[in-house]
Amino acid sequence: MQQQLLIIGFVWPEPNSSGAGTRMLQLIELFLKQGWKVTFASAASDSEFMFDVTSLGVEKVTIAINDSGFDDFVKALNPTIVLFDRFMVEEQFGWRVAEQCPNALRMLDTIDLHSLRIARQKATKEQADFHLDDLFSDTAKREIASILRCDISLLISEVEVELLQKHYKIDPSLLYYLPFLVNGIEQETLQSWLSFEDRKDFIFIGNFLHEPNWNAVQYLKESIWPVIRKQLPEASMQIYGAYPSQKVLQLHNPKERFLVSGRAKNAYDVVSKARVVLAPLRFGAGAKGKLIEAMQCGTPSITTSIGAESMNGDLAWSGSIADEPAALAKAAVVLYQDQNLWKQAQQNGVLIVNQRYEKSLFENDFVAWIQSIQRNLAPHRNANFMGAILLHHTTASTKYMSRWIEAKNK
């Protein structure tokens, strides 16, 4: 039987704007490779930069929140699998899917643990140490409830899998580690990269709607770049990113060689020409698409423990990891000037991509896992009785709130 997959997106995918958009496109391509029929639905408005999913043979459907018209749509589609893009989407549509298509496998792609990112962000802004006790937040309660209501939740970070199992006591059968899925780096690609001598400047790239990216650029401007510039006066700091606000653009300062260029027409092109990616992320969660992209471009990187979290396993990092401004600046200057160190960092990146993110390492096992859960869906759900309780009460509460909002809107 051909699988009918419905993806309900928080937004329409923008792979050239964010790691989340890249991740979604990777999942879509994986599902299509299996010969599955894929429908992508979202309540978000169309955007200038969204990817045309119909070009891949995916059906695109616009839906609305708090609208019983979705019930008719999903019942007629009758998907065998429904993938929720982030927990907020599952909150809106999960109970409707459960009512109209009770036999459909419900799968959540977390992207990152929002509660972890937000707790770290709060600690950073308050200049306090982060503690696990900070995770007992309303966001965490919502996010964990969503994970429990679903049959499978996809995690992009092994650290987050461990956190969910040990801290929140989530049964491992509900969690599945699935990292970014990329093509391996082959010899032909290696030979196409610009050499150390032909590259120049530092680069940071990231979506500015994502708070960790804006914070990192502020940190660069105020605490790290002034130190680097004193030692490397001919180098520039290139800042690229989608959706820059006026406060981001105001950091542009040619005299200081701190250059804010906004959205890159081709992220791979600008990263491939830079000598070093500088990504001093002070908070965040998940895996960092910008750092995998750097490795795919043969561009070594300087980042923090948060930036590299769960990215390289036991392998040496593709550059350096440091957490204080002076150490970050020092590592950046050394990597920028030392050709042998730079080449070794580049090779480290190749190993990380090929051993930890090459898609053929994960695709077949993931599809087999989905099919295994589908064959045993009833006992799988019975073993997750807490999830059944949460779904029951969510349906009883969220359902009637949604119905009230729908009636009020009419």
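The values are calculated or read from the model by the stated rules, or taken from the named source; none is laboratory data. Because the structure is a prediction, the values reported are computed rather than measured. For neighbour counting, all protein chains shown are included, and Cβ atoms are generated from backbone atoms with ideal geometry for every residue, glycine included. Note: accessible area is taken over every heavy atom of the protein model, side chains too, but ligands, DNA and RNA are not part of it. Shrake-Rupley method; radii C 1.70, N 1.55, O 1.52, S 1.80 Å.
Quick rundown of the values:
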{"read-out": "Accessible surface ranking that places the most exposed of Thr299, Thr54 first, with a 1.4 angstrom probe", "value": "Thr54, Thr299"}
{"read-out": "Rounded to 10°, Cα long-axis angle of helix 138-149 versus longest principal axis of the chain", "value": "60"}
{"read-out": "Estimated distance in nm for a label pair at Ala44 and Asn354, the labels positioned 7 Å out from Cα along Cα-to-Cβ", "value": "3.5"}
{"read-out": "Span from the segment 325-377 Cα centroid across to the segment 72-92 one, whole angstrom", "value": "31"}
{"read-out": "Per DSSP, loop trypsin sites (Lys or Arg not before Pro) in segment 93-180 with at most 16 further Cβ within 10 Å", "value": "Lys169"}
{"read-out": "Equivalent ellipsoid, segment 134-247 (semi-axes from 5 times Cα gyration tensor eigenvalues, Å)", "value": "37, 23, 13"}
{"read-out": "Gain upon complete extension [Glu59, Phe136; 0.36 nm per residue less C-alpha separation]", "value": "23.8 nm"}
{"read-out": "With Cα atoms, 0 to 90° folded angle of helix 339-356 axis to the chain main axis", "value": "10"}
{"read-out": "Residue with peak Gaussian network fluctuation, the chain [Cα springs, cutoff 10 Å], from Ala216, Ala378, Ala308", "value": "Ala378"}
{"read-out": "When each of Lys273/Lys359; Lys166/Lys247; Lys221/Lys273; Lys60/Lys141; Lys122/Lys288; Lys255/Lys330 is checked by Cα-Cα distance, pairs over 29 Å", "value": "Lys166/Lys247; Lys60/Lys141"}
{"read-out": "Under 15 Å from the Cα of Lys200 - aspartates and glutamates, other chains or at least 8 residues apart", "value": "Glu234, Asp269, Asp338"}
{"read-out": "Under the Karplus curve 6.51 cos²θ - 1.76 cosθ + 1.60, θ = phi - 60°, whole-Hz ³J(HN,Hα) for segment 268-281, x wherever Gly or Pro sits", "value": "4, 5, 6, 5, 5, 8, 7, 8, 9, 8, 10, 10, x, 6"}
{"read-out": "Structure-based [θ]222 nm, the chain - -39500 (n - 2.57) summed over DSSP H runs of at least 4, per residue, nearest 500", "value": "-14000 deg cm²/dmol"}
{"read-out": "Viscosity 0.692 mPa s, temperature 37 °C, Stokes-Einstein D of segment 266-410 from Kirkwood C-alpha radius, µm²/s", "value": "174"}
{"read-out": "For segment 156-171, Karplus couplings with θ = phi - 60° (6.51, -1.76, 1.60), whole Hz, Gly/Pro x", "value": "9, 10, 5, 4, 6, 4, 5, 4, 5, 6, 8, 7, 9, 6, 6, 4"}
{"read-out": "Selection of GluC sites (Glu not before Pro), segment 147-255, meeting DSSP coil and at most 12 other Cβ within 10 Å", "value": "Glu186, Glu197, Glu234"}
{"read-out": "Debye intensity ratio in log₁₀ form over the Cα atoms of segment 1-149, taken at each q of 0.11, 0.14, 0.16 Å⁻¹", "value": "-0.47, -0.72, -0.90"}
{"read-out": "Cα-derived Rg over Rh, computed across the chain with Rh taken as Kirkwood radius", "value": "0.98"}
{"read-out": "Net lengthening on full extension, Ser68/Gln127 (0.36 nm per residue, minus Cα-Cα)", "value": "16.7 nm"}
{"read-out": "For segment 38-83, the spread of Cα positions along each principal axis, largest first, Å", "value": "29, 23, 15"}
{"read-out": "Two-site label geometry, Ala76 and Glu186: point separation in nm, points 7 Å out along Cα→Cβ", "value": "4.4"}
